[in-house]
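Let me begin by presenting the structure, written as structure tokens, before commenting on it.
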Amino acid sequence: MTQPGENADPIGDHVHSPVAGIVHRYPDRVLFKLVHVCAVYCRFCFRREMVGPERRPRFPRRLSRGARLYPHPFRNMEVILTGGDPLMLPPSRLAEIMADLAAIDHVRIVRVHTRVPVADPARLSGEMIAALKVQGVTTWVALHANHPRELTKKARAACAGMIDAGIPW
């Protein structure tokens, strides 16, 4: 809930969102808000207006549909997956999204922003890691951690599994 004096869109996504679920702030990258849930809900979240159990995702089911709805030439080298937290998706759904992105000629990098390795490291199963590793694009993972104490043995092991699969953090 927005209080008087607060901005419902603190980082200005709406002005750069030509299509629901897509933010195009910079010419060489586009941000896809794929999911409305997170492993944990941070009190300082920039996208709190669109995440939480009562919210519904607005991103098209198939990425190709999202690209067709997008009014600008879809010529971005980098696609950033966010939400919510994209690693809250089932591995099969994440694999579909990654395959759709790899099929777009000019997409070279997929960057995934997540807190899952520190909030729920068990979600980073072999199936999840395989879903992120797709031929044709380089996957980077941006880990959102608030404090070094979050990097428990399990969290570090989850990150090591990604690194061992060739996915840099």
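Just a few scattered comments:
- Checked against (1) buried (at least 18 other Cβ atoms within 10 Å of the Cβ); (2) among the small types (Gly, Ala, Ser); (3) on the phi < 0 side of the Ramachandran plot, Gly84 passes all but a single condition, namely (3).
- Residue tally, condition more than 21 Å from Val35 (Cα to Cα) and not in a helix (DSSP H, G or I), over the range 138-168: 9
- Residues in the range 147-169 that are touching a residue at least 12 places away in the same chain (Cβ under 8 Å) and not aliphatic (A, V, I, L, M): 8 in all.
- You will find that of Arg68, Arg108, Arg56, Arg61, the residue that is open to solvent by 20 Å² or more (accessible area, probe 1.4 Å), at pLDDT 85 or above and not polar (S, T, N, Q) is Arg108 and no other.
- Picking from residues in the range 94-127 that are part of a helix (DSSP H, G or I) and in contact with an Asp or Glu (Cβ under 7 Å, 6 or more places away or on another chain), the one that is nearest to Arg149 (Cα to Cα) is Val118.
- Criterion: open to solvent by 50 Å² or more (accessible area, probe 1.4 Å) and more than 11 Å from the chain's Cα centre (by Cα) - qualifying residue of Pro121, Pro148, Pro117: Pro148
- Pick from the range 21-40, criterion surrounded by fewer than 17 Cβ atoms within 10 Å (Cβ to Cβ) and under 15 Å from the mean Cα position of the chain (by Cα), ranking: modelled with the highest pLDDT: Arg29
- Selection of the range 115-146 for residues being among the hydrophobic types (A, V, I, L, M, F, W, C) and over 20 Å from Ala99 (Cβ atoms) yields Val116, Val118, Ala119, Ala122, Ala142, Leu143, Ala145.
- Residue within the range 88-96 that is surrounded by fewer than 18 Cβ atoms within 10 Å (Cβ to Cβ) and charged (D, E, K, R) present: yes
The values are calculated or read from the model by the stated rules, or taken from the named source; none is laboratory data. All of these numbers come straight from a predicted model, not from anything done at the bench. Here the Cβ is made from the backbone with ideal geometry for all residues, glycine too, and neighbour counts use every protein chain on show. Heavy atoms of the whole protein, side chains included, go into the accessibility calculation; ligands, DNA and RNA do not. Shrake-Rupley method; radii C 1.70, N 1.55, O 1.52, S 1.80 Å.
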